[in-house]
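Each remark here refers to the structure printed beneath this line.
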Amino acid sequence: MRREGKGVKRMLFAAAFAAGGAFAQSDYPNRPVRIVVPTTPSGGSDLVARLLAPALSDRWGKQVVVDNRAGAGTAIGSELVAKAPADGYTLLMGLSTLAINPALYAKVPYDAVRDFAPVTQAVFVPHIIIVHPSLPVKSVADMIALAKARPGQILFASAGYGTNQHLAMELFSSMAQIRLLHVPYKGTSPAIIDLIAGQVAIMAPSMVSALPHVRSGRLRALGVTSARRVTGAPDIPTIAESGLPGYDSVQWIGLLAPTGTPREIVARLYRESVSILRAPESVKRLASEGAEVVASTPDEFAAFIKTETVKWAKVAQAAGIRPE
């Protein structure tokens with residue numbers, strides 16, 4: 001009887017605990033929420049966070065603040081959220097580096113798959129592969145043919161070692177089975193300046209950085225790096241449709257919570273965030289910055305992160321990039 005009594009007490013305690021947890025989750029949020037952006041107050045991840053924060057504040061009647069924690073290739077801000085309480089009050093506006101960093105660094109202070117509960121992939125930001133007009137190529141097929149005729153002689157620029165731009169071109173080289181020579185710069189601007197000057201031949205900057213120079217005729221676009229054509233430049237074909245089926249390399253940005261965050265809270269964050277992202281004014285604003293709205297489900301985003309992590313590990317290995 002005593003054992004049965006203890007069993008009943010445990011059941012009653014568990015039920016009471018569960019009820020209390022459900023009450024706490026239904027009351028979410030009852031205090032300020034923080035969205036950590038692992039970059040400086042500029043760029044795509046900061047833009048998306050500052051689009052969501054005020055709209056969520058209005059809906060919830062609770063303050064949603066953006067907290068920029070830049071450094072260590074976005075690892076500082078990402079680690080902060082990975083180790084935060086799993087209660088929905090500390091979120092991460094993560095980006096592609098979550099999946100890329102493990103291929104570049106021997107020690108990453110978080111696991112992109114294990115330590116986060118994905119909410120939604122908010123947007124993707126495509127790149128455009130562009131060349132100097134003096135290069136005798138007008139298409140992806142022309143570029144591949146030229147590179148095969150001049151193995152290791154054509155210079156490609158990037159905003160730096162391990163950046164999306166760098167790996168986008170390494171993926172291009174790997175899939176096309178060509179060999180290009182990488183010239184890393186300290187940022188996109190100096191790389192584009194040298195491309196316009198003819199010091200390097202090709203690069204893959206973001207749409208926002210590239211389009212003004214393409215439209216002015218100073219540079220030539222070969223294709224966008226996303227799987228589908230983009231709103232901001234519908235006349236530019238994708239790399240995939242131009243000779244490399246399956247090619248897809250974009251900077252993605254998405255909302256994540258610490259792993260273990262209650263599913264009810266993740267579900268509410270998903271519903272509210274997607275509603276804001278899909279609003280016509282949000283789509284228009286993001287498109288003006290070269291970003292395309294995705295608004296995927298938590299499960300879709302989780303699967304995507306796993307796929308991206310595997311993909312970039314293979315690209316780094318093929319390019320001879322060893323974790324530092």
Query raised in the report: Taking Cα atoms, how many degrees apart are the long axis of helix 188-197 and the longest axis of the chain, rounded to 10 and kept between 0 and 90?
Result: 10 degrees
Query raised in the report: Using alpha-carbon pairs under 8 Å, 6+ residues apart, how would you state the relative contact order of the chain in percent?
Result: 26 percent
Requested in this report: May I ask for the angle, rounded to the nearest 10°, between helix 44-60 and the longest principal axis of the chain, with both axes built from Cα atoms and the value confined to 0 to 90°?
Outcome: 30 degrees
Report task. Given the peptides 151-162, 312-323, arrange them by the average over their residues of other C-beta atoms within 10 Å, most packed first. Result -> 151-162, 312-323
Report task. Mind giving me the nanometre distance, one decimal, between the label points for R322 and D142, set 7 Å out from Cα along Cα→Cβ? Result -> 4.0 nm
Query - Label-to-label distance, nm, for residues given as R271 and A227 (7 Å Cα→Cβ offset) - result: 2.8 nm
Report task. Just need the relative contact order of segment 115-216 here, percent rounded to a whole number, with Cα pairs under 8 Å and 6+ apart. Result -> 39 percent
Report task. Work out the length of the dipole vector of segment 100-215 about its Cα centre, built from +1 on the beta-carbon of each Lys and Arg and -1 on the beta-carbon of each Asp and Glu, and round it to the nearest 20 debye. Result -> 200 debye
**Report entry** Helix 263-277 vs. the chain, principal-axis angle (Cα, 0 to 90°, nearest 10)
**Finding:** 40 degrees
Requested in this report: Work out the FRET efficiency for D58 and E300 from their Cβ-Cβ distance, taking R0 = 25 Å, and round it to the nearest 0.05.
Outcome: 0.40
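Among 54-62, 89-97, how do they line up from the highest to the lowest mean number of other beta-carbon atoms within 10 Å? Please list the in-between numbers first.
Numbers: 54-62: 14.3, 89-97: 25.7.
The packing order, highest mean first, is 89-97, 54-62.
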Report task. Find the accessible area per residue for the chain; the probe is 1.4 Å, ligands and nucleic acids are left out, and the unit is Å². Result -> 47 Å²
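Let me spell out the model: positive unit charges on the Cβ of Lys and Arg, negative unit charges on the Cβ of Asp and Glu, origin at the Cα centre of the chain. What dipole size does that give, in debye rounded to 20? Don't jump to the answer; show the numbers that get you there.
Details: 34 positive and 24 negative charges, 116 e Å.
The calculation lands at about 560 debye.
Mind ordering 82-88, 27-33 by average Cβ neighbours within 10 Å, highest first?
Numbers: 82-88: 16.7, 27-33: 14.0.
Those peptides, ordered most packed to least, come out 82-88, 27-33.
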Report task. Among (1) 0.93; (2) 1.07; (3) 1.14, find the value of Cα Rg over 2.2 N^0.38 Å that was calculated from the structure presented, and write down its label. Result -> (3)
Report task. With all protein chains present, calculate the accessible area of D111 using a 1.4 Å probe and round the result to the nearest 10 Å². Result -> 60 Å²
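The values are calculated or read from the model by the stated rules, or taken from the named source; none is laboratory data. A quick note: this is a predicted structure, and the numbers were derived from the prediction, not measured. FYI the Cβ positions are ideal-geometry reconstructions off the backbone, even for glycines, and counts take in every protein chain you see. Please note that ligands, DNA and RNA were not included when accessible areas were found on the heavy atoms of the full protein model with its side chains. Shrake-Rupley method; radii C 1.70, N 1.55, O 1.52, S 1.80 Å.
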